[in-house]
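For reference, the structure is listed below as structure tokens.
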Amino acid sequence: MTIGDGHDLKSPRFAGDEVLEACYDNERVLQRGDRGSAVRKIQQALIFLDFPVPKVGANGIFGDETELAVRSYQEARGLSVDGVVGPETIGSLDEEFFTGVTRPSVSPGPEPQVSEVRTPLFPESPVRTPRASPITPIAPKAPPVRAPRIPRVKASGVKRSQPPATPAGKPSILTTQAVPPEQTPTHVTRPITPPVTRLPSTVDSQGRKFHTAGTVSGSNSSFEAEAGKSVRLEVSNLNVKESSVMVKTNTGEAKESVLLPDTLVDFEFSAIEEPFIWRFYIETDSEDSLIEWKLYSNWVPGKSE
């Protein structure tokens with residue numbers, strides 16, 4: 001991750017946004033009191049990653065709930081917990097939503113070599129025998145004087161300890177030589193954003209409960225869900241360019257609209273029975289489209305009415 005050289009955000013959700021690029025380049029931060037589309041994108045990303053803003057939602061205003069969600073995200077990802085969106089926080093969010101990032105594999109370093117200098121079995125004595133002077137004195141020869149005999153002392157029964165034998169084929173290791181501990185290769189893991197995230201339960205103006213959410217990309221995609229008779233599909237365009245979208249269902253209904261960047265569009269559908277296995281087909285006019293969807297239903301599996 002490179003910070004400071006400008007316009008490095010790579011995920012379609014954030015790339016091209018001047019405010020978020022400035023945050024990534026450490027030229028500004030998003031904090032309480034700010035508002036606009038950049039704040040809304042941060043709120044949508046936090047909600048998608050299960051850090052809710054339950055009362056206000058993605059309203060584009062950086063308030064108390066948004067600051068709490070930012071702090072919760074920073075604490076969960078091991079970042080500096082300051083409640084503002086700076087280069088570290090937007091960089092972490094950008095990595096989570098950019099699925100094309102590849103991490104270089106970490107290979108273990110070369111194993112250190114052990115010195116091949118052999119340790120002598122019997123260390124050489126530090127006391128050396130003095131050498132005779134090479135100068136011959138010019139003097140009359142004196143009669144030889146015999147040195148007194150020193151009585152021999154019998155060695156005691158204590159045996160001299162021998163250094164441990166070195167196994168064949170392995171070089172000896174000096175006692176002062178540091179042996180490095182065994183090295184374990186380090187593995188780098190990257191958090192994977194799930195394609196579908198269940199968010200805290202919310203209810204829309206028609207009493208329909210939040211069912212599930214996800215993202216789709218490309219010109220043709222589909223998904224299915226077991227829901228009730230009355231459903232609302234909320235879609236938003238995560239790209240910086242507008243896109244035409246058509247939603248078809250297995251009930252025969254088809255509705256279309258134009259999605260502007262950073263806007264929401266609702267599609268409502270109904271069935272004749274409940275529960276019903278819904279199948280949604282989403283078609284766009286661009287191969288590079290990236291759409292986020294949320295499904296609301298009057299009946300949600302596993303939830304009491």
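The values are calculated or read from the model by the stated rules, or taken from the named source; none is laboratory data. Here the structure is a predicted model, which is why all the values come from computation and not from measurement. FYI the Cβ positions are ideal-geometry reconstructions off the backbone, even for glycines, and counts take in every protein chain you see.
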- [ ] Quick one: in the stretch 60-80, of everything that is surrounded by 14 or more Cβ atoms within 10 Å (Cβ to Cβ) and assigned to a loop (DSSP other than H, G, I, E, B), which residue is nearest to the chain's Cα centre (by Cα)?
- [x] Arg77
Open item on the list: Restricting to the stretch 22-59, name every residue that is β-branched (Val, Ile, Thr) and outside any loop (DSSP other than H, G, I, E, B).
Closed with: Val39, Ile42, Ile47
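Can you pull out every residue in the stretch 224-253 that is of a type in the set (Lys, Arg) and under 36 Å from the mean Cα position of the chain (by Cα)? Before the answer, list the steps.
Looking only at the stretch 224-253, we keep the residues that are of a type in the set (Lys, Arg), and these are 229, 232, 241, 248.
Hits for the stretch 224-253 are Arg232, Lys241.
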TODO: Go through the residues of the stretch 257-265 one by one and say whether even a single one is modelled with pLDDT of 80 or more, charged (D, E, K, R) and outside the structural domain of Leu49 (by TED's automatic domain parsing).
DONE: no
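At least 3 residues that are crowded, with 18+ Cβ neighbours inside 10 Å in each: list the strands (runs of 3 or more DSSP E) lying fully within the stretch 216-294 that qualify. Write out each step before concluding.
Details: elements: 220-227, 230-237, 243-249, 254-259, 264-270, 276-284.
Per the criteria, 230-237, 243-249, 264-270, 276-284.
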